[in-house]
Structure formats: C-alpha cells, structure tokens
1. Name the residue that is surrounded by the most Cβ atoms within 10 Å (Cβ to Cβ), counting only residues in the range 77-98 that are part of a helix (DSSP H, G or I) and of a type in the set (G, A, S).
2. Answer yes or no as to whether A121 is under 20 Å from the mean Cα position of the chain (by Cα), within 24 Å of D167 (Cα to Cα) and part of a helix (DSSP H, G or I).
3. Assess whether V342 counts as being surrounded by fewer than 23 Cβ atoms within 10 Å (Cβ to Cβ) and without any contact (Cβ under 8 Å) to a residue 60 or more places away in the chain.
4. Would you say E384 is out of contact with any strand residue (DSSP E or B) (no Cβ under 9 Å at 6 or more places or on another chain) and either under 14 Å from A111 (Cβ atoms) or at pLDDT 95 or above (or both)?
5. Give me a count of the residues in the range 356-388 that are among the hydroxyl-bearing types (S, T, Y), surrounded by 15 or more Cβ atoms within 10 Å (Cβ to Cβ) and more than 18 Å from E331 (Cβ to Cβ).
6. I need the full set of residues from the range 49-76 which are in contact (Cβ under 8 Å) with a residue 60 or more places away in the chain, in a helix (DSSP H, G or I) and farther than 16 Å from K341 by Cα, in order please.
7. From the list A241, A236, A269, which residue is touching a Lys or Arg at 6+ places or on another chain (Cβ under 7 Å), under 20 Å from G11 (Cα atoms) and touching a residue at least 24 places away in the same chain (Cβ under 8 Å)?
8. Please report, ordered by residue number, the strands (runs of 3 or more DSSP E) entirely within the range 262-362 with at least 2 residues that are farther than 20 Å from S376 by Cβ, in the same structural domain as G68 (by TED's automatic domain parsing) and over 18 Å from the mean Cα position of the chain (by Cα).
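The values are calculated or read from the model by the stated rules, or taken from the named source; none is laboratory data. The shown structure was predicted, so the numbers you read here are calculated from the model rather than taken from an experiment. So basically every Cβ, Gly included, is an ideal-geometry build from the backbone, and we count neighbours across all protein chains shown.
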Amino acid sequence: MQNQFQYGEYGGQFVPEGLKIALNELNDAFERYKDDPDFHEELNHYLKNYVGRESPLYHAQRLSKALGGAQIFLKREDLNHTGAHKINNTLGQILLAKRMGKKRIIAETGAGQHGVATATAAALFGMECIIYQGALDMERQKLNVFRMELLGAEVKSVERGTKTLKDAVDVAIEDWVENLEDTFYLLGSAVGPHPFPSMVRHFQSIIGKETATQFKAYYDKDPDMLIACVGGGSNAIGLFAHFLDNNANSHIVGVEAAGKGVDTNQHAATITKGKAGVIHGMNTIALFNSDESISDVYSISAGLDYPGVGPEHAFLHDTNRVEYTAVTDDEAVEAFQYLSKVEGIIPAIETSHAIAEVIKRAPSMDSDKTIVVNLSGRGDKDVESIKDYLNK
C-alpha cells in the first residue's frame with residue numbers, strides 16, 4: 001500500500017518501510033473484524049453495559065429559547081463512561097489488539113480524555129498501558145493525569161518541543177517503532193497513517209448513527225445543521241459520518257481553535273490557515289513554518305492544539321462538503337460559562353468551541369430550523385484552568 005490515498009489527495013502511509021508492515025498487519029485485522037458478528041457482539045456488549053450507550057440526544061429548550069431562532073439538540077457524549085466520546089474508539093481498538101495478541105498498549109493524549117479512555121480500556125482487559133502526554137498538557141490537566149495513574153497507566157511526560165499533543169504523538173510513534181512485536185498503538189483521533197483515520201471513523205460513527213435515529217423522534221427530516229469541534233477530528237467525523245454516507249441535506253460545520261486569533265501566531269486553526277503537507281505519517285492540511293517545519297500551535301484547549309487535521313476533514317474542506325470555521329479562546333470560555341448557567345451542563349473546553357459557534361448561528365435561523373451539536377466531553381477537567389483564565 002505504497003502511499004495509497006484514501007481521501008482524494010489526502011491520507012496515505014508516509015512512514016518507514018518497517019512501520020508499513022505493522023500498519024498493514026493492523027489494516028488486515030481491522031478489515032477482518034470490523035464486520036465480524038462475534039467482534040461486534042462483544043463490542044456492543046461493552047458499549048451498552050460498560051459505556052452506557054446509547055447516549056441521549058437532548059433538546060436544549062432553555063438554550064434554544066435564550067438564543068432565539070433554531071432549536072438546539074445536544075448529543076450527550078459527555079455522559080459516556082469516562083466523560084467523553086473517546087471510549088467508543090478505545091474499546092474498539094483494544095478488542096482488535098486482543099485479537100492480534102498484543103499485550104502492551106501505548107497512546108498519546110492532549111487534554112487527557114483519550115488517555116483516560118485508553119487507561120480505562122487497558123484496565124478492563126488487564127493490559128500494560130503507557131500514555132505519552134506533553135509536559136504543558138500534564139500541568140493544565142492534572143486531574144486527568146491522576147485519573148490515568150489511578151487506572152494503572154504509566155503517564156510519561158514529553159519535554160520536547162512545545163510539550164503538547166504534537167510532541168506526544170512523535171514520542172508515541174517512536175515507542176511503537178521500537179516495540180512493534182508486542183505493542184499496539186491506540187491512536188486517539190482520526191489522524192495518522194492509514195488505517196488509523198478510517199478505523200477511528202468506524203468506531204466513532206456510532207455517534208452519528210444514534211443521532212440520526214434519535215432525531216427522528218422529534219422531526220421527520222435530517223437536522224438542518226450539524227456542528228462539532230475539530231482538533232484531529234474524531235468526535236466531528238463520528239457525528240458527521242452517517243450523514244455524509246447517506247447524503248443528508250444537513251449543513252455541516254467543523255469548528256477549530258482560533259486561540260488568540262487567526263491573525264496572530266497563537267492559534268490551532270489548521271484548515272483555516274494551513275496548507276497540504278505531510279505530518280505524522282499522513283498527507284493532510286497542516287500548519288507549517290516558512291522552512292516547511294511544523295508550526296507550533298496554541299489553544300486554551302489541550303485537545304485542540306494540534307497542527308494538523310484528519311485527512312478526511314481536509315478532503316471534506318476541499319470538496320466544500322463541510323464548512324470549517326474557528327473560535328477564539330475568549331469565545332470558547334464565554335460559551336463554557338453560558339451553557340453551564342443556561343442548561344446546567346458544564347462542557348469540555350473543546351466542546352465549548354462548538355457551543356460558541358451555535359451561539360453565533362442559532363439566533364439568525366428560523367425557529368423551525370434545527371442544530372445538532374456534539375457535546376463531545378464534560379468539563380470537570382477544565383474547571384480549574386478556566387477559573388485561572390478568568391482570574392487573569
């Protein structure tokens with residue numbers, strides 16, 4: 001599979017030949033088991049009885065009334081076990097690891113939600129677990145670091161570069177290259193070399209499938225608009241996939257992190273400001289310096305400060321199937337507080353970027369129009385950092 005692209009010009013396997021062998025082994029296992037009845041029976045058992053799926057689709061009536069205009073629905077992935085959408089993917093991948101005979105699980109994490117979900121799945125199946133996290137992210141996500149350690153994982157601080165998600169991915173890949181025989185790299189987002197983007201999409205697509213069925217209880221049509229935050233893009237592609245595959249009429253919006261502003265050098269608005277290139281084994285849209293090195297990025301959200309984006313998102317942008325926009329730190333923090341006060345739901349700061357976009361758009365829409373936003377995670381992990389941000 002010599003750099004075969006899966007999404008237009010995007011995707012591929014831009015990795016050393018030795019790593020391609022492991023990737024193709026992983027792809028063979030994924031293709032073998034993704035539609036296997038026994039695999040799905042086991043996965044669905046854990047999704048229902050361990051994760052608590054299906055997650056509700058909640059009509060946020062007070063939010064809708066407060067903003068005026070469109071009716072707003074929240075897909076409550078924050079109510080999953082571990083508090084985010086990440087567990088959908090970690091359970092799927094760890095069941096693959098089990099069938100492949102792997103004993104050691106490694107992962108990268110930014111905000112810590114994927115790390116917590118990976119540590120949870122590893123504890124469930126009694127596997128050794130190593131989580132790589134940037135030192136800066138460890139400092140601003142202390143609660144999740146403790147949760148990972150409590151679950152039995154070893155959290156390794158990454159001190160290089162910006163000490164954030166980009167660097168954690170680099171180190172995790174290096175570990176995998178050195179330990180291919182017994183190690184399974186449980187990648188957290190819809191990024192990286194093939195088959196990771198397709199595999200993560202598959203396991204997260206349950207979000208959109210449930211949403212489509214649940215929405216029919218309210219309206220006999222597709223949602224007018226779908227909104228989700230985008231870093232690497234797993235929660236977004238999880239919501240979007242079913243509607244894309246079924247040619248829904250929904251207008252789809254992905255929301256990136258504008259940080260201090262897209263006209264500054266402190267943002268993570270990859271699609272808004274980036275260009276095509278290779279990062280972390282894939283061809284996609286990413287942020288590069290003038291010397292073609294990968295740019296440092298910034299966001300208040302540890303889960304969105306990634307300089308690339310999943311290759312399918314790059315393709316969806318280029319084909320104008322999905323609209324991508326960006327929200328600043330200040331707008332996200334305001335949305336974090338607003339949803340908390342109006343609906344009694346404290347969202348993750350990642351999710352708050354999507355809520356901020358809802359706040360912008362809903363008032364100008366007719367009252368018979370609908371918006372579904374993926375509430376990708378809960379905000380317990382962010383309360384301390386938001387408090388510090390507001391105090392400053």
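1. Step by step, filter the range 77-98, then rank; the result is G92.
2. Here the answer is yes, as A121 does meet what is asked.
3. No: the conditions fail for V342.
4. So E384 passes the test.
5. Summing the residues that are among the hydroxyl-bearing types (S, T, Y), surrounded by 15 or more Cβ atoms within 10 Å (Cβ to Cβ) and more than 18 Å from E331 (Cβ to Cβ) in the range 356-388 gives 1.
6. Correct list: Y50 only.
7. Answer to the check: A241.
8. Answer list for the range 262-362: 275-279.
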